[in-house]
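The values are calculated or read from the model by the stated rules, or taken from the named source; none is laboratory data. Treat the numbers as computed from the prediction; the structure is a model and nothing was measured. Note that each Cβ is placed from the backbone with ideal geometry, even for glycine, and that neighbours are counted across all protein chains shown. Heavy atoms of the whole protein, side chains included, go into the accessibility calculation; ligands, DNA and RNA do not. Shrake-Rupley method; radii C 1.70, N 1.55, O 1.52, S 1.80 Å.
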Amino acid sequence: MEVYIVGICIAVCGNFLISISLNIQKYTHVRQSQRGTKPYYTSRLWWCGILLMGLGELGNFAAYGFAPASLIAPLGCVSVIVSAVISVVFLKETLRASDILGGALALIGTYFLVTFAPHSSPHVTANMVERSLVSWTFLIYFMFEMILFAILMYLYKCRNIKHIVIIMILVALLASVTVISVKAVSGMITETIRGSHLQLTYPIFYIMFIIMVTSCAFQIKFLNQAMKMFDATEIVPINYVFFTASAVVAGILFYEEFYGLSLIYIIMFVIGCLLAFTGVFLIARARPRIKMDRVFISMGQIPGKSCTDKVQPQPDDSKYGKLASKLTCNSGIQDEP
């Protein structure tokens, strides 16, 4: 089996587990709300959902060690599709024509991505990461990111411009750094496990690990702030598009993943991205608006049901991160009057 197929399978399974996890947590919250029993975090079923989420995220992390970032990142739409299917089949949410069309487009787009994306990338070693970090291409790209990030932070913090695009671009810029560092760490661990060369003795491994953790933390922070101010139905498709675009650009510039790829493959890859983007937008389109007055209002509500405050995560609870947005877009709840 080709190495990239291993990465695809791990990523798909990881996103599948994440979807199951989020819907398990949704069901736990619904059951707790109806019965008015102990808090959701005392439920074994809820912790099973958290465990599945951890396994899914671990799978996504491992997938970057086997396949290019520009191939793994767009597969995040699998989680959105599966979550929608689970919500309709098991949680009895309304199935709309746009859900069917969106799911079909996302699946076709995913097929195009898997078929025409780069199937190989250079082995990620400590020396390779060090060379890429000081290459002119990456340095110019990184300086551009830093300047853009500083401008957006000035608009967001000093001018108090709270536009969704500004916040999601901030998240995407951090996501670009996250993808680079995640693939570097995962790739070096993979090379070490293969036994080709011990990579964990190089300082660059620990530098990239610190960058990965830091960028993830700030990415979750900005995403949490976006979830407070805007509906998940807006955040989900925008975040997916921006994250995928930033991951593809990072893969091109840092890991040279499109080097040697024919023009027709590049065009078909772009078409696959556009189809997947359109599918996710259609799945999230026209959902009942969910105003996020708290950081992740209700990790589990279904149409016609309401949850009490005691079952909702607190504002400082950031454990769900960007994954919560994939779930809440499918929850289909109305604002409380």
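Observations, loosely collected:
- Applying the condition of being closer than 16 Å to Phe277 by Cβ, open to solvent by 10 Å² or more (accessible area, probe 1.4 Å) and among the hydrophobic types (A, V, I, L, M, F, W, C) to segment 100-113 and asking which residue is farthest from the chain's Cα centre (by Cα) yields Leu101.
- Among the residues making up segment 195-249, those that are in a helix (DSSP H, G or I) and of a type in the set (D, E, K, R) are Lys221, Lys228, Glu234.
Matching residues to (1) within 16 Å of Gly251 (Cβ to Cβ); (2) in contact with a His (Cβ under 8 Å, 6 or more places away or on another chain); (3) at pLDDT below 95; (4) not small (Gly, Ala, Ser):
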{"position": "Ala126", "(1), (2), (3), (4)": "no, no, yes, no"}
{"position": "Glu145", "(1), (2), (3), (4)": "yes, no, yes, yes"}
{"position": "Ile166", "(1), (2), (3), (4)": "no, no, yes, yes"}
{"position": "Leu170", "(1), (2), (3), (4)": "no, no, yes, yes"}
{"position": "Gly187", "(1), (2), (3), (4)": "yes, yes, yes, no"}
{"position": "Glu191", "(1), (2), (3), (4)": "no, yes, yes, yes"}
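- Residues located in segment 117-132, provided they are assigned to a helix (DSSP H, G or I) and either of a type in the set (S, T, N, Q) or open to solvent by less than 40 Å² (accessible area, probe 1.4 Å) (or both): Ala126, Asn127, Met128, Val129, Ser132
- Within segment 193-224, considering residues that are of a type in the set (S, T, N, Q) and more than 19 Å from Val249 (Cβ to Cβ), the one modelled with the lowest pLDDT: Ser196
- Matching residues in segment 133-189 - criterion: being over 22 Å from Ser70 (Cα atoms) and surrounded by 22 or more Cβ atoms within 10 Å (Cβ to Cβ): Ile167
- Checking each residue in segment 245-276 for being closer than 11 Å to Gly109 by Cβ and either open to solvent by 30 Å² or more (accessible area, probe 1.4 Å) or at pLDDT below 90 (or both) picks out Met268, Val270, Ile271, Leu274, Leu275.
- For beta carbons closer than 7 Å, sequence separation of 6+ or different chains, a first residue in segment 124-142 that is under 18 Å from Thr201 (Cβ atoms) and a second that is open to solvent by 70 Å² or more (accessible area, probe 1.4 Å), the qualifying pairs are Thr125/His197.
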